[in-house]
1. Residues that are within 22 Å of residue 47 (Cα to Cα) and either over 17 Å from the mean Cα position of the chain (by Cα) or modelled with pLDDT of 95 or more (or both): list the helices (runs of 4 or more DSSP H) wholly contained in region 81-150 that include at least 2 such residues.
2. What number goes with the only condition from (1) touching a strand residue (DSSP E or B) at 6+ places or on another chain (Cβ under 9 Å); (2) closer than 30 Å to residue 53 by Cα; (3) modelled with pLDDT under 95 that residue 343 does not pass?
3. What are the residues in region 381-407 that are assigned to a strand (DSSP E or B) and crowded, with 16+ Cβ neighbours inside 10 Å, if any?
4. Tell me which residues, restricted to region 312-324, are assigned to a loop (DSSP other than H, G, I, E, B) and surrounded by 12 or more Cβ atoms within 10 Å (Cβ to Cβ).
5. Please go through (1) in contact with a helix residue (DSSP H, G or I) (Cβ under 9 Å, 6 or more places away or on another chain); (2) outside the structural domain of residue 323 (by TED's automatic domain parsing) for residue 219 and return the number of the only condition it doesn't satisfy.
6. If we scan region 351-358, do we find a residue that is surrounded by 24 or more Cβ atoms within 10 Å (Cβ to Cβ), more than 20 Å from residue 293 (Cβ to Cβ) and either modelled with pLDDT of 95 or more or under 20 Å from the mean Cα position of the chain (by Cα) (or both)?
7. Looking only at region 15-33, decide whether some residue is closer than 23 Å to residue 377 by Cβ, touching a helix residue (DSSP H, G or I) at 6+ places or on another chain (Cβ under 9 Å) and at pLDDT 90 or above.
8. Go through region 197-235 and give me each residue that's in a helix (DSSP H, G or I) and over 17 Å from residue 65 (Cβ atoms).
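The values are calculated or read from the model by the stated rules, or taken from the named source; none is laboratory data. Given the structure is predicted, the values throughout are model-derived calculations rather than measurements. Every residue, glycine among them, receives a Cβ derived from its backbone with ideal geometry; neighbour counts consider all protein chains shown.
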């Protein structure tokens, strides 16, 4: 029998390894799944997963018991059974019968459940971006590599026929020589105000929710939904919505490069950013207005964000465009259009949300052990680093150079932001090879 690592946790102890069942083994006919986080976007993941045949959601895990009943109802409706309910994700890791974990937590809780799941022989579907910071993402990649795990990141457009057909068109070479791409998004936000600190809701283990983040008083806008606007927990709208559009732009410009006989895009060499809180006077820390420039050898990729106003660019509220000397292509959320040298439409395609298809691809790859469409190492982490590096360039006010071999910068201030300066115990990152 092959072996896998299984965690035995104390209340606040470091993991203790024992040996269990196969690492890399194909699951039984029904894949047994646990969801860590069941509210907000994570609730949509529960619904999509529960609708799939040959998949059994056996456990739901959330620190907030108020969010659990709706998710339980979905599982009961779709699968005809009541899942186990736990509040501590470590019980999920300890459960040897679980094949896969879906991580739908806030960004600052992506890394450790993913790493621990990999070390316990489980495959992982984790929401975007991959983690709170670059080092966490690198550690997740190292854990997957070391334990031969499948990790799919939640940039679901990677499993869409819309993107597949757009990339197929780009690979014909009809765009010609491409030197510029742009991503933009306009998920309009509102002010979150400046409410006073207060006691956490009854029944919430707030210290557990904070995890590795600094200890701070509870504030309602630093919690559900709005956590993403704070440095301690999220990555701003660049990591929230921008990661989708940057992922499209990077994939499209890379495909165009290969079609022209040039190397695939890889990581950028230089990153610069400008912007700030120009519109909202509230407690948010990340920019509401932002422009990021990514410099590749002979190519530029830019990102634009204005979350305070609805707008359309090239007919799309959110999307990506690649410009070549023979044509261009615009990829939106539900369609794409290619244009000839005179601006005439020469090809187009369509397709909407593909969360279900993304899960199907993940579970198929669990069986085949092939890389999934948004494989963390080769796709998801690259797109996440674009977001992290853009945020770091903005926070430092510097044009920073990225060394792709170790994902470090030519700036001490920038490197200080590659990870937290301190992780609260016991939620420290393990040290893994290659990080």
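1. Details: elements: 89-94, 111-119, 134-147.
So the answer is 89-94, 111-119.
2. The number of the failed condition is (2).
3. Residues of region 381-407 that are assigned to a strand (DSSP E or B), as a first pass: 400-403.
Those that are assigned to a strand (DSSP E or B) and crowded, with 16+ Cβ neighbours inside 10 Å: 400, 402.
4. Within region 312-324, the subset assigned to a loop (DSSP other than H, G, I, E, B) is 312, 314-315, 317-318.
Within region 312-324, 312, 314, 317, 318 qualify.
5. (1)
6. The initial filter retains those residues of region 351-358 that are surrounded by 24 or more Cβ atoms within 10 Å (Cβ to Cβ), namely 358.
Narrowing further to those that are more than 20 Å from residue 293 (Cβ to Cβ): 358.
Okay, now just the ones that are also either modelled with pLDDT of 95 or more or under 20 Å from the mean Cα position of the chain (by Cα) (or both), so 358.
Yes, because at least one residue in region 351-358 is surrounded by 24 or more Cβ atoms within 10 Å (Cβ to Cβ), more than 20 Å from residue 293 (Cβ to Cβ) and either modelled with pLDDT of 95 or more or under 20 Å from the mean Cα position of the chain (by Cα) (or both).
7. Yes, region 15-33 contains at least one residue that is closer than 23 Å to residue 377 by Cβ, touching a helix residue (DSSP H, G or I) at 6+ places or on another chain (Cβ under 9 Å) and at pLDDT 90 or above.
8. Those that are in a helix (DSSP H, G or I) and over 17 Å from residue 65 (Cβ atoms): 210, 220, 221, 222, 227, 228, 229.
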